[in-house]
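The structure appears right after this line, and notes come after that.
Readers should treat all values here as calculations from the given coordinates under stated rules, not as data from a laboratory. On a predicted model such as this, the values are computed, not experimentally measured, just so you know. Positions of Cβ are backbone-derived with ideal geometry, glycine not excepted, and every protein chain shown enters the neighbour counts.
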Amino acid sequence: MAAAFLPHLLKQPAATLVNVSSGLAFLPIAIYPVYCATKAFVHSYTMSLRHQLRGTSVRVIELAPPWVKTDLDAAHAAPSTHDGMSPMPLDEFIEAAMADLAGGGEELPVAGAKFLHGAGVSERAAGVFARINH
């Protein structure tokens, strides 16, 4: 989709492309390996696209939601919490995401996803991975 719209976006005086990844792009939860891998791809692709478009009128943002209350867990019969963590209500996520988008930045881990952002490359990685993969 981004490639299809880029010629049009590049002609604009200012444009923004928002890709939605996940907090799980930074550190996976083992029960959703394909989901986490695809979100990691979105993270990597967004970083590369942002680099390629530097110096143009197109701003490239990655929005990384936390665990949001959806039907995803119901399909896998996952517990309603992971080590005391629980999903963020959808309306709270939307409010937080809109505030983050208005605030600027390029990588926007929303609320509960912030502890995952960067954890995969920090010394906290093993502990965070263990926490979400109990």
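Under a crude label model (7 Å from the Cα following the beta-carbon direction), how far is A30 from M98 in nanometres?
Result: 4.0 nm between the two label points.
Could you line up V18, V42 from fewest to most neighbouring Cβ atoms inside 10 Å?
If I rank by nearby Cβ atoms, fewest first, I get V18, V42.
Report the FRET efficiency, 1/(1 + (r/R0)^6), for T16 and S44, where r is their Cβ-Cβ distance and R0 is 22 Å, rounded to 0.05.
0.65
Which residues' amide hydrogens lie under 5 Å from the amide hydrogen of V68, considering only partners 5 or more residues apart or on another chain, with H built in the peptide plane?
M88
Given a Förster distance of 25 Å, report the FRET efficiency between L90 and A3 from their Cβ-Cβ distance, rounded to the nearest 0.05.
Using R0 = 25 Å, I get an efficiency of 0.25.
If we count other beta carbons within 10 Å of each Cβ, what is the order of T70, T46, fewest first?
Listing T70, T46 from fewest to most nearby Cβ atoms yields T70, T46.
Among R59, R54, which comes first, then next, by fewest other beta-carbon atoms within 10 Å?
R54, R59
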